[in-house]
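Heads up: the structure comes next, in structure tokens.
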2 protein chains.
Amino acid sequence: MQPETVVRSERPFDGKLIRVRVDTVRLPDGRERQREVVEHPGAVGVLPVLTDGTLVLVRQYRHAIGRALLEIPAGTREPGEDAETCARRELAEETGYRTEALWELVRFYVSPGWADEELIVYVADDLQPGAMHPADDERLEVVPVRPDEVPGLIARGEIADSKSVVALLAYLGLRLGGKRVGDGPQS
Amino acid sequence: MQPETVVRSERPFDGKLIRVRVDTVRLPDGRERQREVVEHPGAVGVLPVLTDGTLVLVRQYRHAIGRALLEIPAGTREPGEDAETCARRELAEETGYRTEALWELVRFYVSPGWADEELIVYVADDLQPGAMHPADDERLEVVPVRPDEVPGLIARGEIADSKSVVALLAYLGLRLGGKRVGDGPQS
């Protein structure tokens, strides 16, 4: 599919985590449109699985949405850091567990209509316990979760971020039921 | 979990789609930190399923990541528009299909560490064909996909956005295999 050509580019915001770019692009038919793009360094998530199948999640307050979520351990990639090193580092910082046994499960873009953040999801087993050392502005609570609790936690919105939902669905092979929301015309 | 209190708030960018807020927050222990937040109106995705089980996806160029992806039909919510109405509108615009049969499968935040975008994912069946009428800057190609093709499309990164990965995993109950990436110390 033919790409859009950038005609002009502005950078109205350059933050510590994200940068905003506004591109004027030319469509293949010659028309021009504006595209707002958030640049993000990318992130990794790690689903830690204990020998008995228990999943190790973390509860964390998320200021952007004003509440706490139950998530897989995760973090933003640092400049020049490869994804596997980042995964091991975040796993150790947030849960204390160390491992050499890492599987790449899936990678995806969180919202490619306007952001370039790519997320790489790993599964970690053969876990060795150790001391946690979260980043200085992270408040984390480690929460062990059994696989059979996951569908209810997703349905109730306690697990509700893309990386954790993707990781848990993909690892456990869960089919979600959902609920009928309309069987007649909506006003 | 105790929330963070906003001490100061700035709005360095106010775009057509997104707005950026930089909040100075006070942590429960009294320290102050900065949080960059992207405000987004929220979006819906719809997985359309034909009577024989064929899934109706759309291929679309995504400027933010510089390539085309195969996605479920989706779109941004308009001011005051409820999610089900938005889902039916986007389904009709992007594929031509109309339906009254809609199921809410799951809802999630795309990246709650720095963005407030919530995505609601529906499944639609009992589809009635009609004419497509995509938005004037959208270039879309409708692509029918069989369920058994989905794991390969995800593994090859052709299906690679959070809403489509979540929708397809949750609807089909797919377990992804992944690949081992390390069994020894990483340098």
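What total accessible surface area, summed over both chains, is buried at the interface between chains A and B, computed with a 1.4 Å probe and given in Å² to the nearest 100? Before the final figure, lay out the partial values.
On the way: alone 11730 and 11750 Å², together 15980 Å².
Chains A and B together bury roughly 7500 Å² of accessible area.
Test of understanding: in a Gaussian network model of chain B with alpha carbons linked when under 10 Å, which of B:GLY42, B:GLY130, B:GLY96 would top the mean-square fluctuation ranking?
Fluctuation is largest for B:GLY130.
Please find, in a Gaussian network model of chain A (springs between Cα atoms separated by less than 10 Å), the residue of A:ASP137, A:ASP82, A:ASP161 whose mean-square fluctuation is greatest.
A:ASP137
Principal axes first, then extents: for the Cα atoms of the range B:114-187, list largest minus smallest coordinate on each axis, whole Å, largest first.
56, 34, 22
Could you state, as a whole-number percent, how many of the C-alpha pairs of the protein assembly as shown are farther apart than 32 Å? Let's see the in-between values first.
Values: 22266 of 69751 pairs.
Percentage above 32 Å: 32.
Only loop residues by DSSP count here, and only those with at most 10 other Cβ atoms within 10 Å; note down the GluC sites (Glu not before Pro) in the range B:1-73 that meet that. Mind showing how you got there, number by number?
Details: sites: B:GLU4, B:GLU10, B:GLU32, B:GLU36, B:GLU39, B:GLU71; in loops: B:GLU4.
Hits after loop and neighbour filter: nothing returned.
Return the loop-located GluC sites (Glu not before Pro) in the range A:92-145 (DSSP other than H, G, I, E, B) with at most 16 other Cβ atoms within 10 Å of their own Cβ; answer none if there are none. Write down the numbers at each step before the final one.
Values: sites: A:GLU93, A:GLU94, A:GLU100, A:GLU104, A:GLU117, A:GLU118, A:GLU138, A:GLU141; in loops: A:GLU100, A:GLU117, A:GLU138.
Hits after loop and neighbour filter: A:GLU100, A:GLU138.
In whole Å, how far is the Cα centre of the range B:119-154 from that of the range A:30-72?
So the separation of the two Cα centres works out to 25 Å.
Sequence-distant or interchain residues sharing an amide H contact under 5 Å with B:LEU102, placed H: which?
Answer set, sorted by chain and number: A:VAL181, A:GLY182.
From the phi angles alone, apply the Karplus equation (6.51, -1.76, 1.60; θ = phi - 60°) to the range B:6-21 and give each ³J(HN,Hα) in whole Hz, x where the residue is Gly or Pro.
Result, ordered by residue: 7, 9, 9, 9, 10, 10, x, 8, 10, x, 6, 9, 10, 10, 10, 10 Hz.
Using only atoms on other chains, find how many Cβ atoms lie within 10 Å of each Cβ of peptide A:65-75 and report the average. Walk me through the numbers before you get to the answer.
Values: counts 8, 5, 4, 3, 5, 0, 2, 0, 0, 1, 1.
Shielding by partners across A:65-75 averages 3.
Can you give the calculated 222 nm mean residue ellipticity of chain A, where each DSSP H run of n ≥ 4 adds -39,500 (n - 2.57) and the sum is split over every residue, rounded to the nearest 500 deg cm²/dmol?
On the way: 3 runs with 30 residues, N = 187.
Result for chain A: -4500 deg cm²/dmol, rounded to the nearest 500.
Checking buried surface per residue: for the range B:1-20, which residues lose a minimum of 30 Å² accessible area in the protein assembly relative to the chain alone (1.4 Å probe)?
Checking the loss per residue gives B:MET1, B:GLU4, B:PRO12, B:PHE13, B:LYS16, B:LEU17, B:ILE18, B:VAL20.
Around A:ARG67, which amide H atoms from residues at least 5 apart in sequence, or from another chain, sit under 5 Å from its own amide H, with H modelled in the peptide plane?
The answer is A:ARG62.
Tell me the angle of helix A:83-95 to the major Cα principal axis of chain A, expressed in degrees between 0 and 90 and rounded to the nearest ten.
Tilt relative to chain A: about 50 degrees.
What lysines could a cross-link reach from B:LYS179, if we take a straight Cα to Cα line under 21 Å and drop same-chain neighbours fewer than 8 places away?
Result set, ordered by chain and number: A:LYS163.
Once you average over the residues of A:165-173, how many Cβ atoms of partner chains fall within 10 Å of each Cβ? Mind showing how you got there, number by number?
On the way: counts 10, 8, 1, 1, 12, 10, 4, 3, 6.
So the per-residue partner count for this stretch is 6.
Quick one: 3J(HN,Hα) in Hz for the range A:50-58, Karplus 6.51/-1.76/1.60 with θ = phi - 60°, rounded, Gly and Pro as x.
So the J values, rounded to whole Hz, are 6, 4, 8, x, 4, 9, 9, 10, 10.
Ignoring trypsin sites (Lys or Arg not before Pro) that are buried or in helix or strand per DSSP, and keeping those with at most 11 other beta carbon atoms within 10 Å, what is the longest stretch of chain A between them? Write down the numbers at each step before the final one.
Working: sites that count: A:LYS16, A:ARG31, A:ARG156.
Segment A:32-155 is the longest.
Express as a percent, rounded to the nearest 5, the fraction of DSSP beta bridges in the range B:43-176 (both residues included) that run antiparallel. Before the final figure, lay out the partial values.
Numbers: 24 of 30 bridges.
Restricted to the range B:43-176, the bridges split so that about 80 percent are antiparallel.
Of the heavy-atom accessible surface of the range B:43-176 (probe 1.4 angstrom), what whole percent is carbon and sulfur? Before the final figure, lay out the partial values.
Details: 2330 of 4760 Å².
Carbon and sulfur together cover 49 percent of it.
Of B:ALA124, B:ALA115, B:ALA64, which has the largest mean-square fluctuation in a 10 Å C-alpha GNM of chain B?
Checking each option, the largest mean-square fluctuation is seen for B:ALA64.
Which angle from 0 to 90°, rounded to the nearest 10, does the C-alpha axis of helix A:162-172 make with the longest principal axis of chain A?
50
For the range A:142-156, what does the Karplus curve 6.51 cos²θ - 1.76 cosθ + 1.60, with θ = phi - 60°, yield as ³J(HN,Hα) per residue in whole Hz, taken in order and with x for Gly and Pro?
Ordered by residue, 3J(HN,Hα) equals 7, 10, x, 10, 7, x, 6, 7, 5, x, x, 5, 6, 4, 8 Hz.
Towards the positive end of the charge dipole of chain A, with charges on Cβ (+1 Lys, Arg; -1 Asp, Glu), say which of A:THR76, A:PRO3, A:GLN128 has the farthest Cα.
So the residue furthest toward the plus end is A:PRO3.
For a quick check: with amide H placed at 1.01 Å from N, whose amide H comes under 5 Å from A:VAL143's, ignoring anything fewer than 5 positions away on the same chain?
Hits under the 5 Å cutoff: A:LEU57, A:VAL58, A:ARG59.
Just the number please: accessible area per residue for chain B, 1.4 Å probe, all protein chains included, in Å².
Values: 8000 Å² over 187 residues.
For chain B, the solvent-accessible area averages 43 Å² per residue.
Starting from a Cα-only point model with no solvent, please compute log10 I(q)/I(0) by Debye for chain A at q = 0.11, 0.13, 0.19 1/Å.
Results for chain A at q = 0.11, 0.13, 0.19 Å⁻¹ read -0.60, -0.79, -1.27.
The values are calculated or read from the model by the stated rules, or taken from the named source; none is laboratory data. Everything numeric here is computed off the predicted structure, so don't read it as measured data. As a convention, Cβ positions derive from the backbone with ideal geometry for all residues, glycine included, and neighbour counts pool all protein chains shown. Side chains are part of the model used for accessible areas, which takes the heavy atoms of the whole protein and leaves out ligands, DNA and RNA. Shrake-Rupley method; radii C 1.70, N 1.55, O 1.52, S 1.80 Å.
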